[in-house]
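Here's the structure we're looking at; comments come further down.
Every read-out reported here was derived from the displayed coordinates using simple, explicitly stated rules and does not represent laboratory data. Not measured: the values here are computed from a predicted model. Note: ideal-geometry Cβ built from the backbone for every residue, glycine included; neighbour counts use all protein chains shown.
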Amino acid sequence: MQTEKLPLSKRRENRQLLIENKLTFLGPESELSIYDTYRVASRVGLDAPQLMYCGMVKGKKIMHDGSQNEQGQIFLPHESYVMPPGGYVEIDFPDANEAQPTTCLTLELTKDRLEAISERMRDITTLDNIDHDWQYQPQIIHTHHTTDTQQLLERLVSLFTQNHPDKEMMMDLSVSELIIRLLREQGRDVLLSYSRYAPDTNGITAVIHYLENNIAKPLDIELLCRCACMSRSKLYIEFKKQLGCSPSEYLHQQRLKLAAERLQLGKTITEACYDVGFKDLSHFSRRFTQFFNCSPSQYRTKYFTDAPSN
């Protein structure tokens, strides 16, 4: 993510702290903060008086949220971490230094803003045959965000840090879009949960259930149409309405996420590629780089400093 209006050299000049040096910008019912950390540190506390959307910009953090995972959760660029109101985490900065500080941003959102967007979502969108009313459920969400979300975060940083005649209105629209994406992600999680535990809830949950259990197999649209009891055109329309992408793109996303998990567990790039159903290593590498904004070898290195690359 680029922050041209506040380059690192300028932020370094104005810094007050070496750990979690913070610059804050106020917006309509929201507050954006950019954090730069210049020194290795561990167990630095961060609390969220309101819902806090965190986006990683550069470097690596390890988040400890009180779960049973004592090693913590690695947090990398192109990933989002949502903290509910009243939430608290402790953060390690294993790689931060003067030349390459670790950088992230947070966006605090008010309860009233969340409820207003939830109400609008409830009026216009439903998940078929699934009890979900789009009300935000206080929970920690850690996910890889899409290219569109990454571009939205970049736009938000630019809007918050520049003087534009329509700045306030554009910021308001962009924050609303981010909340919609957050609620959509939560709704997607609900849909995926139903596909695992009640796959016959509707046609789309049946399709998701099949894809999740046959992730390495070639995509067979005719088979998916039979699973959903829908025509090809109806399947594409309903799938995109409820998950925001086509069945093919969804399958690629799930394969790439699974490949990333394989790399985190120490698998080689070649093993991860073929384990999840990709047939060509160069194609896998291109898709992985587009999705995670780094190559498989770069991603793997973030977890294993001396790991073999293939």
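Enumerate the amide H contacts of Gly87 below 5 Å, restricted to partners 5 or more residues apart or on another chain; note that Pro and chain-start residues carry no placed amide H.
The answer is Ala48.
Note down the magnitude of the dipole of region 249-301 about its Cα centre, charges +1 on Lys and Arg C-beta and -1 on Asp and Glu C-beta and zero elsewhere, to the nearest 20 debye.
It works out to roughly 60 debye.
Please tell me the relative contact order of region 249-301 in percent, rounded to the nearest whole number, where contacts are Cα pairs under 8 Å and at least six residues apart.
So the answer I get is 35 percent.
Counting other C-beta atoms within 10 Å, and keeping those with at most 13, which DSSP coil trypsin sites (Lys or Arg not before Pro) do you find in region 208-310?
Of the trypsin sites (Lys or Arg not before Pro), the ones in loops of region 208-310 whose Cβ has at most 13 other Cβ atoms within 10 Å are Lys279.
Restricting to Cα pairs below 8 Å that are 6+ residues apart, what does the relative contact order work out to for region 198-244? Please round to a whole percent.
36
Taking amide H positions as placed 1.01 Å from N in the peptide plane, with prolines and chain starts having none, which residues 5 or more places from Asp95, or on another chain, fall under 5 Å of its amide H?
Lys60
With the cut-off at 21 Å, tell me which of the pairs Lys217/Lys257; Lys22/Lys58; Lys58/Lys279; Lys22/Lys61; Lys58/Lys302; Lys61/Lys302 have Cα atoms farther apart than that.
Lys58/Lys279
Which ³J(HN,Hα) values in Hz, rounded to whole numbers, follow from the phi angles of region 171-185 under the Karplus curve 6.51 cos²θ - 1.76 cosθ + 1.60, where θ = phi - 60° and Gly and Pro get x?
5, 4, 5, 5, 5, 4, 4, 5, 5, 4, 5, 4, 5, 5, 5
Using the Karplus equation 6.51 cos²θ - 1.76 cosθ + 1.60 (θ = phi - 60°), what ³J(HN,Hα) coupling, rounded to whole Hz, does each residue of region 80-87 give in order, writing x for Gly and Pro?
10, 9, 9, 9, x, x, x, x
Once R0 is set to 35 Å, what does the formula 1/(1 + (r/R0)^6) return for the Cβ-Cβ distance between Glu261 and Leu219, expressed as a FRET efficiency to the nearest 0.05?
Efficiency for this residue pair is about 0.95.
Give me a comma-separated list of calculated 3J(HN,Hα) values for region 101-113, in order, Karplus coefficients 6.51, -1.76, 1.60 applied at θ = phi - 60°, integers in Hz, x for any Gly or Pro.
Once rounded to whole Hz, the list reads x, 7, 10, 8, 10, 10, 10, 8, 10, 7, 4, 4, 5.
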